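Notes follow once the structure below has been shown.
Where a number appears in this text, it was derived from the coordinates with a stated rule and is not lab data. Computed from a predicted model, the values in this text were never measured in an experiment. With ideal geometry, Cβ positions are generated from the backbone for all residues, glycine too; neighbour counts draw on all protein chains shown.
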Amino acid sequence: MAGCVVNPRAGRETEFTKAAPQGLEGRYAVVGGGPAGMSTALELAKRGATVDLYEAQEKLGGQFLLAHQIPGKEEFAETLRYYQHELDRHGVRIHLGTRFEPTDVGAAQDKGDPFKAVAWCAGIRPRVPSIPGNDLPIAVPYDKVLTGEVEVGQRVALIGAGGIGFDVADFLSHPHGEETVDGFRKSWGIDGTLEHDGGLIEPQRPSNGRTLYLLQRKEGKPGKGLGKTTGWIHRLTLRFRGVKAIPGVTYKAIEPTGLRIEVGDKEQFLELDNVVFCSGQLSNNEPVAALEATGIPVTVIGGAKVAYGIDAERAIREGFEWARSL
Ligand SMILES: Cc1cc2nc3c(=O)[nH]c(=O)nc-3n(C[C@H](O)[C@H](O)[C@H](O)COP(=O)(O)OP(=O)(O)OC[C@H]3O[C@@H](n4cnc5c(N)ncnc54)[C@H](O)[C@@H]3O)c2cc1C
């Protein structure tokens, strides 16, 4: 079925009316300002509820802020702009730099302004694989690389070749200038002047000089699970840039100067400046039990509910559907 990442009604217009049903009363706390929290808060507010949206960071967006650092995903910034605008327009009270704690439920009650329910949309964090040496300074999770908190060196191995591994490999191998129309044409061999036969020229594929390894434990072609329509582009792009994709890897140890691996019974040592973990995510749901113990109804939405396979489409849809279900 055709659908839309940011519009959960797309393709389901007869199931969900355009105008949000009115008359939802009371005050709701939405914890987390990622896609799940923004979508939940917006729909609750559209229905008439009073909504407080709490975000621990100084900006809304959650992991979507990382996604829009990836070449080709810059337009996600527009989704964030849309939400910021709509949340303001519908009167959602946004509390940035505010980490919500279970004790906030009792505090609101004591002030005589209790919450009716809490939507827990606290998202995900990178999983650190249990490899000896995973706490060495050369080892970093993908979020620190994409935020720029850690600047990686010229020789990097990425552990995990799923969607995030491919995106981080793209980010780290991207040659300066390829994001322009002219740069894109040159790299794919498209003749912008229309003077050459077939509209083709010899592709120019500059490198940014970084040596990159994209490693996965599974046997089989890395990137096999990427989207059907765009996966081939990502695989080809990284191949053109000389990224070495290696399947069937057993991780032996991270060492101060590199990574020891085994591939097909052969031990190898990759000399590296950094090892980046792109090896899955964990749900941020530890405080949920304490929250439930306060007696308030709690609903867990998005990556906080199930980290595996989470994307913005599911996070946004779940928030919307829950708010519509009340
Ligand atoms: C590199 C990369 C590329 C991606 N590309 C795509 C893509 O192309 N398409 C797609 O659909 N998805 C993509 N995603 C995935 C998408 O960004 C995530 O699935 C989505 O952001 C998950 O939404 P969420 O709201 O559940 O969680 P998150 O985005 O993790 O948001 C949770 C928020 O809750 C906040 N928080 C946590 N605890 C508290 C607390 N106690 N109090 C207050 N705030 C709290 C966090 O600070 C965070 O802002 C990508 C992700 C990455 C990293």
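For the peptides 86-96, 103-113, the ranking by mean Cβ contacts within 10 Å, running from highest to lowest, is 86-96, 103-113. Legend: calculated FRET efficiency, His196 to Glu286, from the Cβ-Cβ distance at R0 = 56 Å, rounded to 0.05, equals 0.40. Across the chain the C-alpha pair distances fall into 10 Å bins from zero in the proportions 5, 23, 27, 22, 15, 6, 1, 0 percent. If R0 is taken as 56 Å, the Cβ-Cβ distance between Gln109 and Leu136 corresponds to a FRET efficiency of 0.75.
Shape of segment 1-77 from its Cα gyration tensor (a ≥ b ≥ c, root eigenvalues): rounded if a/c is under 1.5, otherwise prolate when a/b > b/c, or oblate? Judged from the Cα gyration tensor, segment 1-77 comes out oblate (a/c at least 1.5, b/c at or above a/b). Full extension of the chain segment joining Val128 with Lys144 gains 4.5 nm, where the gain is 0.36 nm per residue of separation less the Cα-Cα distance. Segment 128-277 has equivalent-ellipsoid semi-axes of 31, 17, 13 Å, by the square roots of 5 times the alpha carbon gyration tensor eigenvalues, sorted largest first. Only helices enter this figure: runs of n ≥ 4 DSSP H residues, each worth -39500 (n - 2.57), summed and divided by the residues of the chain, yield -8000 deg cm²/dmol at 222 nm to the nearest 500. Using a simple spin-label model with points 7 Å from Cα along the Cα→Cβ vector, what separation in nm is obtained for Lys18 and His85? Distance between label points: 1.8 nm. Does segment 39-189 come out rounded, prolate or oblate, given a ≥ b ≥ c as the square roots of the eigenvalues of its C-alpha gyration tensor, rounded meaning a/c under 1.5 and, failing that, prolate meaning a/b above b/c? Cα axes put segment 39-189 in the oblate bin. Does anyone have the angle between helix 76-89 and the longest principal axis of the chain? Alpha-carbon axes, 0 to 90°, nearest 10? Its long axis makes an angle of about 10 degrees. Cross-link partners of Lys224 among lysines, defined as those whose alpha carbon lies under 28 angstrom from its own and excluding same-chain residues fewer than eight positions apart: Lys73, Lys144, Lys186, Lys244, Lys252, Lys266, Lys305. If R0 is taken as 45 Å, the Cβ-Cβ distance between Gln57 and Lys266 corresponds to a FRET efficiency of 0.55. Projected over all directions and averaged, the alpha-carbon convex hull of segment 161-227 occupies 6.0 nm².
Contact order normalised by length for segment 128-277, with contacts defined as Cα pairs under 8 Å and 6 or more residues apart; what percent is it? Contact order relative to length: 35 percent.
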